[in-house]
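Novice: Quick one: structure below, then a few questions.
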Ligand code: HEC
């Protein structure tokens, strides 16, 4: 009897545990603002992101090797695009704040390009990179992508 009642307690404990996790599933862990995109739009954003990451890596490589040409080339890859190069598929889907953080990031890369081209000290360039990367963190903390079905 003692055995049976402890088995029963185990089962009820297990049931309430499951009920608990069902409730947890209704409250997502990721509470960032959702950017609802098509698969194509999501690919576009992630491509841009990986371009940003490559630029950061190239800039750091150039700083480490004290080679401003490497810095300028890497930063230019993520500098603001000309109107003709902008992807039409993103038209109207990005909130204003998202757009402006993206634009500020590209402006930061442009500033680094110009600093490298004009022979700025690597400490100054590192400082601009550090400031620019505040936008990476701020935007990542604010938005997540979810696919439209
Ligand atoms: C305007 C907003 C914004 C800015 C600015 C931004 N990101 Fe992102 N980034 C995102 C979003 C949104 C995702 C996708 C997150 C998700 O899937 O939930 C992302 C994802 C990424 C990824 C993952 C890519 C993949 O293929 O999965 C990398 C790497 C990345 N960002 C790098 C950067 C770097 C480096 C910077 C700054 C130089 C930066 N991002 C700036 C919004 C931004």
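The values are calculated or read from the model by the stated rules, or taken from the named source; none is laboratory data. Since we're looking at a predicted model, the values are computed, not measured. Quick reminder, even Gly has a Cβ in these numbers, built from the backbone with ideal geometry, and neighbours come from all protein chains shown.
Novice: Name every residue in segment 33-54 that is under 16 Å from residue 137 (Cα atoms) and near the ligand (Cβ under 7 Å from one of its atoms), in order of residue number.
Specialist: Hits for segment 33-54 are 45, 46, 49, 50, 52, 53.
Novice: Report whether or not residue 107 is more than 8 Å from the ligand (Cβ to nearest atom) and in a helix (DSSP H, G or I).
Specialist: Details: more than 8 Å from the ligand (Cβ to nearest atom): yes; in a helix (DSSP H, G or I): yes.
Yes, satisfied.
Novice: I would also like to ask the following. Go through (1) exposed (fewer than 12 other Cβ atoms within 10 Å of the Cβ); (2) within 30 Å of residue 30 (Cα to Cα); (3) more than 8 Å from the ligand (Cβ to nearest atom) for residue 95 and report which single condition fails.
Specialist: Checking residue 95 against (1) exposed (fewer than 12 other Cβ atoms within 10 Å of the Cβ); (2) within 30 Å of residue 30 (Cα to Cα); (3) more than 8 Å from the ligand (Cβ to nearest atom), the one that fails is (1).
Novice: Would you say residue 125 is within 16 Å of the ligand (Cβ to nearest atom) and under 20 Å from the mean Cα position of the chain (by Cα)?
Specialist: No; evaluated as a whole, the condition is false for this residue.
Novice: Which of the residues that make up segment 113-132 are part of a helix (DSSP H, G or I) and farther than 15 Å from residue 74 by Cα?
Specialist: Step one: filter segment 113-132 for residues part of a helix (DSSP H, G or I), giving 113-117, 122-132.
The answer is 123, 124, 127, 130, 131.
Novice: Next question, about the same structure. Can you tell me which condition residue 76 does not meet? The list is (1) farther than 14 Å from residue 45 by Cβ; (2) out of contact with any helix residue (DSSP H, G or I) (no Cβ under 7 Å at 6 or more places or on another chain), and all the others hold.
Specialist: Failed condition: (2).
Novice: Test residue 97 against the stated conditions and say whether it is in a strand (DSSP E or B) and on the phi < 0 side of the Ramachandran plot.
Specialist: Here the answer is no, as residue 97 does not meet what is asked.
Novice: Yes or no: segment 59-71 includes at least one residue that is more than 11 Å from the ligand (Cβ to nearest atom), under 28 Å from residue 39 (Cα atoms), touching a helix residue (DSSP H, G or I) at 6+ places or on another chain (Cβ under 6 Å) and at pLDDT 95 or above.
Specialist: Among the residues of segment 59-71, not one is more than 11 Å from the ligand (Cβ to nearest atom), under 28 Å from residue 39 (Cα atoms), touching a helix residue (DSSP H, G or I) at 6+ places or on another chain (Cβ under 6 Å) and at pLDDT 95 or above, which makes the answer no.
Novice: From the residues in segment 72-90 that are over 20 Å from residue 132 (Cβ atoms) and modelled with pLDDT of 90 or more, which one is surrounded by the fewest Cβ atoms within 10 Å (Cβ to Cβ)?
Specialist: By that ranking, first place goes to 89.
Novice: Report yes if some residue within segment 110-131 is under 19 Å from residue 47 (Cβ atoms) and touching a helix residue (DSSP H, G or I) at 6+ places or on another chain (Cβ under 6 Å); otherwise report no.
Specialist: no
Novice: Going by the conditions given, is residue 148 more than 12 Å from the ligand (Cβ to nearest atom) and surrounded by fewer than 18 Cβ atoms within 10 Å (Cβ to Cβ)?
Specialist: So residue 148 passes the test.
Novice: Is it the case that segment 42-53 has a residue that's over 19 Å from the mean Cα position of the chain (by Cα) and at pLDDT 95 or above?
Specialist: Within segment 42-53, not a single residue is over 19 Å from the mean Cα position of the chain (by Cα) and at pLDDT 95 or above.
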